[in-house]
Amino acid sequence: MNDLQTPAPPARGPDLLALVDVALREAKARGADQAEAAVSVDIGLSVSVRLGEVETVEYQRDRGMGVTVYFGTRKGAASTADLTEDALRETVAKACSIARFTAEDPCAGLADPDTLANDIPDLDLSHPWAVDPEAAVELARACESAAMAVDKRITNSDGAGVSSHTGVRAYGNSHGFMAAYPGSLHGISCAVIGVDGDEMQRDYWYSSTRDWRELEPAESIGRRSGERAVARLGACKLATTRAPVLYSPDVARGLIGHFTGAIRGGSQYRRASFLLDAAGQQVFPDWFALHEHPHLAKALGSAPFDNEGVATRDRELVANGVLEGYVLSTYSARKLGLRTTGNAGGTHNLTVRGRERDLDGMLALMERGLLVTELMGQGVNGVTGDYSRGATGFWVEGGRIAYPVHEVTIAGNLKDLYRRIVDVGNDVDFRGGTRTGSILIEEMTIAGD
């Protein structure tokens with residue numbers, strides 16, 4: 001690996017904005033009434049090891065531009081990975097050609113000028129990591145070794161990995177908006193297999209941050225993955241029952257994800273949501289709150305503006321259990337007769353306000369039931385809210401973990417489950433764009449033997 005070199009940094013924001021300007025000028029020259037262009041360049045290094053041997057060393061360098069033009073309310077879009085000026089002009093020409101064949105759509109068009117970001121805050125999102133392949137491999141080996149050393153029953157590994165990515169995104173439109181911002185994402189992960197007789201159990205752990213200096217130590221990640229795998233040995237099934245269910249923080253964010261999917265503008269105007277027309281209605285218990293914080297420094301979900309250049313702002317999505325509004329892009333907002341909420345491209349740092357209990361306190365509150373630590377399958381109906389997922393975890397008796405459980409299914413309807421949330425813990429998982437602690441549901445169907 002000595003001949004491999006750390007890749008050069010990605011292009012700077014001003015360089016990419018110059019490319020955006022070329023595309024917008026070309027669109028105007030071709031008669032487009034409105035146009036927008038977004039360009040990004042990302043570089044990365046990923047390594048993986050398994051049983052101490054190097055499996056992969058990969059460099060990534062991804063780049064591309066997307067151009068959208070509007071002739072009246074006719075829309076055309078095209079993209080390219082070739083960022084030469086000739087290729088950009090050809091891409092704009094393709095988008096213009098496409099627009100002439102599309103149907104008119106009165107909701108099509110750029111975001112309104114008064115919604116665009118005027119001030120672009122520095123959110124401290126970019127922390128390049130000058131890690132070379134040799135150092136990354138040694139980190140991965142240390143992580144896996146720590147996992148294998150946890151217990152003699154850990155006899156195999158799915159591998160450990162280290163990744164580092166840095167990039168820049170630029171966006172501009174014919175309303176005069178032009179801005180760019182950099183970002184980075186680094187991670188370390190490990191997955192190992194515990195064996196006891198004929199039984200095998202696999203588990204994992206990982207750390208993911210914007211700033212590589214804030215990664216959990218590799219050895220700690222390895223030990224955590226090993227401990228989790230060993231804890232699952234001896235897992236058994238349950239008889240079918242109804243009981244409280246506690247979602248650990250890393251799987252609880254999925255419950256919030258199903259909620260945000262139901263309140264997205266696309267789900268609402270297509271009439272394909274189990275929370276149709278629910279704005280202003282009680283959806284959660286009256287103490288529940290859900291906030292969006294797009295400008296948190298270094299946070300994984302932060303962004304100074306959305307994919308349309310619209311300013312992102314702090315927002316209360318749920319207050320006192322009541323849905324305050326939807327998650328809207330410009331197009332979906334127009335379809336609903338509303339205004340964009342700055343969510344073209346998704347939400348930003350959704351935060352469920354936990355209460356005073358840590359995980360042990362949540363277990364004590366549940367007293368008896370199922371702690372879920374992993375979910376499988378895609379059994380969620382976004383139209384009806386029917387929910388059925390394969391699950392593994394631990395049975396809890398007397399507020400303490402009693403034994404591991406596998407091969408069960410937990411089921412209910414999300415509208416009912418949200419109203420039956422008993423508490424949210426303060427054991428928040430920060431490794432994603434949704435931040436929540438453990439979530440306790442009063443009762444669910446647990447299907448087993």
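Laboratory data are not the source of any read-out in this text; all were calculated from the coordinates shown. Everything quoted here is computed from the prediction, not taken from an experiment. Cβ placement follows ideal geometry from the backbone for every residue including glycine, while neighbour counts extend to all protein chains displayed.
Structure data summary
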| quantity | calculated |
| --- | --- |
| Dimensionless Rg ratio for the stretch 13-231, taking C-alpha atoms and the 2.2 N^0.38 Å reference | 1.38 |
| Extended-chain gain in nm, criterion 0.36 nm per residue less alpha-carbon gap, Arg355 and Asp112 | 83.6 nm |
| Thr384-Glu134 FRET efficiency (beta carbon distance; Förster radius 45 Å; 0.05 resolution) | 0.30 |
| Per-peptide average of other Cβ atoms within 10 Å, ordering 280-290, 413-423, 118-128, 61-71 highest first | 61-71, 413-423, 280-290, 118-128 |
| Given Lys28/Lys75; Lys94/Lys335; Lys75/Lys335, the pairs whose alpha carbons are separated by over 21 Å | Lys94/Lys335 |
| Separation in nanometres of the label points that stand 7 Å from Cα toward Cβ, at Asp119 and Ala93 | 4.4 nm |
| DSSP-defined antiparallel bridges as percent of all bridges, the chain, nearest 5 | 95 percent |
| Helix 218-231 vs. the chain, principal-axis angle (Cα, 0 to 90°, nearest 10) | 50 degrees |
| Computed lengthening from Ile193 to Arg313, 0.36 nm per intervening residue step minus Cα-Cα distance | 38.8 nm |
| Among (i) 69, 66, 42; (ii) 71, 61, 36; (iii) 68, 53, 46, the entry derived from the coordinates for Cα extents along the principal axes in Å | (ii) |
| Computed E for Val422/Glu104 - FRET, C-beta separation, R0 41 angstrom, nearest 0.05 | 0.20 |
| Modelled FRET efficiency - R0 30 Å, Asp15 with Lys298, Cβ distances, 0.05 increments | 0.80 |
| Two-site label geometry, Glu58 and Arg400: point separation in nm, points 7 Å out along Cα→Cβ | 4.5 nm |
| Rounded if a/c under 1.5, otherwise prolate or oblate - the stretch 345-438, Cα gyration tensor axes | oblate |
| By average C-beta atoms within 10 angstrom, highest first, the peptides 368-378, 180-190, 257-267 | 180-190, 257-267, 368-378 |
